[in-house]
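See below for the structure under consideration.
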Amino acid sequence: MTAPGTPTCPECSGPQMPDHPGGLLEIRHLITCPLLASEDATKAADYERADRRMAMVRAATATELLLIEAFGYYPPDPQITGYDSDDHPVREPAVTVTYLTPGVRRRTWTPLTRTEPTTP
Ligand SMILES: [Zn+2]
């Protein structure tokens with residue numbers, strides 16, 4: 001049973017887990033949900049490339065941006081996520097990844113603004 005007003009996955013209607021330490025996009029997806037496959041791949045990639053003792057900023061994935069929009073927010077602010085071949089900074093909507101414990105990844109977004117007021 002999903003509490004009224006709980007954001008859900010636009011693909012599988014799985015509910016957000018609002019108190020999850022991982023942040024906004026922790027969703028109880030159906031095992032067959034294509035967004036779950038994408039999110040799992042991102043989680044594995046984050047685990048591979050992050051130094052888990054410090055925060056990592058990377059470009060948000062298409063799936064993360066889709067979920068943020070589905071949950072009623074504008075995309076996160078662009079941050080420098082790398083440098084192009086001419087050494088110019090590349091700015092993209094970004095996410096900060098930190099590890100609360102070696103197995104618990106937290107994603108934060110700075111800042112997220114709602115596209116419309118929430119209804120109580
Ligand atoms: Zn889903």
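Key figures
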quantity: Unique match (being under 21 Å from A37 (Cα atoms), in contact with a Phe, Trp or Tyr (Cβ under 8 Å, 6 or more places away or on another chain) and not small (G, A, S)) among T63, T96; calculated: T96
quantity: Region 18-31, residues that are over 18 Å from V95 (Cβ atoms) and either touching a residue at least 24 places away in the same chain (Cβ under 8 Å) or more than 10 Å from the ligand (Cβ to nearest atom) (or both); calculated: P18, D19
quantity: Subset of region 97-115 that is farther than 13 Å from Y73 by Cα and β-branched (V, I, T) - its residue that is surrounded by the fewest Cβ atoms within 10 Å (Cβ to Cβ); calculated: T101
quantity: Output for region 94-107, where each listed residue is touching a residue at least 12 places away in the same chain (Cβ under 8 Å) and either over 14 Å from R49 (Cβ atoms) or in contact with a helix residue (DSSP H, G or I) (Cβ under 8 Å, 6 or more places away or on another chain) (or both); calculated: A94, V95, V97, L100, P102, V104, R105, R106, R107
quantity: Count of region 66-93 residues which are in contact (Cβ under 8 Å) with a residue 40 or more places away in the chain and touching a Phe, Trp or Tyr at 6+ places or on another chain (Cβ under 9 Å); calculated: 2
quantity: Wholly within region 1-104, strands (runs of 3 or more DSSP E) carrying at least 1 residues that are of a type in the set (K, R); calculated: 56-59, 89-101
quantity: Qualifying residue in region 85-94 (condition: within 13 Å of the ligand (Cβ to nearest atom) and among the hydroxyl-bearing types (S, T, Y)); calculated: no
quantity: Residue pairs meeting the criteria (Cβ under 8 Å; at least 6 apart or on separate chains; first closer than 17 Å to G14 by Cβ and at pLDDT 95 or above, in region 32-48; second among the acidic types (D, E) and within 11 Å of the ligand (Cβ to nearest atom)); calculated: C33/E11; P34/E11; L35/E11
quantity: Qualifying residue in region 71-81 (condition: buried (at least 17 other Cβ atoms within 10 Å of the Cβ) and within 16 Å of the ligand (Cβ to nearest atom)); calculated: yes
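The values are calculated or read from the model by the stated rules, or taken from the named source; none is laboratory data. Everything numeric in this text was worked out from a predicted model, so none of it was measured. Cβ sites come from the backbone with ideal geometry, for glycine too, and all protein chains shown count toward neighbours.
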